[in-house]
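Asks: Below you'll find the structure I mean.
The values are calculated or read from the model by the stated rules, or taken from the named source; none is laboratory data. In this text, all values refer to a predicted model and were calculated from it rather than measured experimentally. Every residue, glycine among them, receives a Cβ derived from its backbone with ideal geometry; neighbour counts consider all protein chains shown.
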Amino acid sequence: MMPEKVSEEQIAAYVDGSLDPAEAATVAAALAQDESLRAYAEEVRQASRLLREAFEEPMREPVSADLRATILGSSGLGPTGSPDRGAAEPGQVVDLAQVRKARRPWVGMALAASIALVIGVSATSVMIPGGPQPADQVAMVGTAPVEGPLHQALEALPSGRISNEGIQPMLTFYDGSDRICREFEVIPEDAVELAFGIACRTGDQRWDVEIVVTAPKGEVGPDGFVPASGPGADALEAMLDALGAKPAIAPAEETELLDRGWR
Amino acid sequence: MYEDIKVEMVALVPRLRRFAYAITGSQDEGEDLVQAACVKALDRLDQFKPGTRLDSWMFRIVQTTWIDRVRSRGRRGELGDPDALDRISDHGVGARAAEDRLTLERVRAAMAQLPEDQRAVLALVAIEGYSYKAAAEALETPLGTVMSRLARARSKLLPLLKESE
């Protein structure tokens, strides 16, 4: 079947998480088949990542006592003391919930369990040699280098375990063409954003990364929880649909596959 | 009155500053803009519709306050970023960090070349992760306008960023 033609605007809208489910599925299918379209999607995604990084600095600075007082008035209301950015503020919790709700254009059905797994994983402390590093430099669309940390993690780690580089396989499933695929997350401690992705094992014992989506780390909740929705998660779910992903396999079956070297 | 909203507003300040930095191109200008926008918002808290997004409402106020400033100065886009060079020299530790810093400097320069309205849309969608619909509502602009602004912004920005690689 010939894939439908998709425009650059549609691809950008897909990366932005602004397509309705039907259109997202069309674009995901086209991306799965056409490398040049994937390259454009990657370009859009990289540009957004760079923009987030370029204007990120104000996110790190605490709200000044002056501005806090201006907004809250003299009632002394709200958290006082150390303006530690890591501290949860009551308003922030409400806001994050609202943001997530508003950002979710549709609820994907595929592998709801996978997204549930994502919740509750806290941003584990990991050190990257050479300092802070954007999450998605570890994971790029295409074949993962055999010597690289992503290949190593996908090859050797059971789901739920996290590598020194902050790579965590989340679950394993078979896709529509019976390839073994794994969903993973990359959460380097100091990165501006985190990345989610799907990689499928090829006949020559490599892992092909099908999609990487990123979420600004600002979306991580006060408890360090990764959000279950947002444009990133939606794009991921559309890709799962396009791949014809079957339900995640049970841990025991995964262990067996891992021991057999995924064959 | 409005205590919950005020607490939420304080929590929003870092994101408001990020947005303001993206549309003004200067952290100092952005900081000042957020301050002014918060004062304005506090004055008209009765106009905020409960149940709608406070962040969208605030972004809108930041954006309109900025447009007012630009107009009253009778110029646009020529502010540059006076603190850009400072920031490079401030943290020039290690070749890798310096290189990344230069790349991001180019990103900011590329953003500064876009018209005001395109910058605001791009900041909401690419940086804040807004859906097109939410961005249209926040900026009180038709959805089609948001989409065409975004397309124009990207067609200009992407080639500029490619050059910088």
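Asks: Would you confirm, using the coordinates I've provided, whether B:V7 is buried (at least 20 other Cβ atoms within 10 Å of the Cβ) and closer than 14 Å to A:G73 by Cα?
Replies: Working: buried (at least 20 other Cβ atoms within 10 Å of the Cβ): yes; closer than 14 Å to A:G73 by Cα: yes.
Against the criterion (buried (at least 20 other Cβ atoms within 10 Å of the Cβ) and closer than 14 Å to A:G73 by Cα), B:V7 qualifies.
Asks: If I ask for residues that are small (G, A, S) and either facing chain A (nearest Cβ under 10 Å) or touching a strand residue (DSSP E or B) at 6+ places or on another chain (Cβ under 6 Å) (or both), which ones from segment B:111-135 would you list? I'd like the intermediate steps shown before the answer.
Replies: To start, the set of residues in segment B:111-135 that are small (G, A, S) comprises B:112, B:120, B:123, B:126, B:129, B:131, B:134-135.
Selection gives B:A123, B:A126, B:G129, B:S131, B:A134, B:A135.
Asks: Scanning for something at pLDDT 50 or above, surrounded by 14 or more Cβ atoms within 10 Å (Cβ to Cβ) and touching a Leu at 6+ places or on another chain (Cβ under 6 Å), does segment A:54-75 turn up at least one residue?
Replies: Within segment A:54-75, one or more residues are at pLDDT 50 or above, surrounded by 14 or more Cβ atoms within 10 Å (Cβ to Cβ) and touching a Leu at 6+ places or on another chain (Cβ under 6 Å).
Asks: Name the single residue that is nearest to the chain's Cα centre (by Cα) among those in segment B:16-28 being crowded, with 22+ Cβ neighbours inside 10 Å and at the interface with chain A (Cβ under 7 Å from one of its Cβ atoms).
Replies: Here the residue is B:A22.
Asks: Take A:E42 and tell me if it is modelled with pLDDT of 90 or more, under 20 Å from B:R152 (Cα atoms) and either more than 10 Å from chain B (Cβ to nearest Cβ) or more than 21 Å from the chain's Cα centre (by Cα) (or both). Spell out the reasoning first.
Replies: Numbers: modelled with pLDDT of 90 or more: yes; under 20 Å from B:R152 (Cα atoms): yes; either more than 10 Å from chain B (Cβ to nearest Cβ) or more than 21 Å from the chain's Cα centre (by Cα) (or both): yes.
It is true that A:E42 is modelled with pLDDT of 90 or more, under 20 Å from B:R152 (Cα atoms) and either more than 10 Å from chain B (Cβ to nearest Cβ) or more than 21 Å from the chain's Cα centre (by Cα) (or both).
Asks: Give the residues of segment B:29-71 that are within 11 Å of chain A (Cβ to nearest Cβ) and among the hydroxyl-bearing types (S, T, Y), sorted by residue number.
Replies: Within segment B:29-71, B:T52, B:S56 meet the criteria.
Asks: Across segment A:1-51, what is the total count of residues that are free of Cβ contacts under 8 Å to residues at least 40 places away in the same chain and farther than 26 Å from B:R108 by Cβ?
Replies: So the count comes out to 17.
Asks: Taking B:E105, is it assigned to a helix (DSSP H, G or I) and under 22 Å from B:F59 (Cα atoms)? Reasoning before the result, please.
Replies: Numbers: assigned to a helix (DSSP H, G or I): yes; under 22 Å from B:F59 (Cα atoms): no.
When the stated conditions are applied, B:E105 does not pass them.
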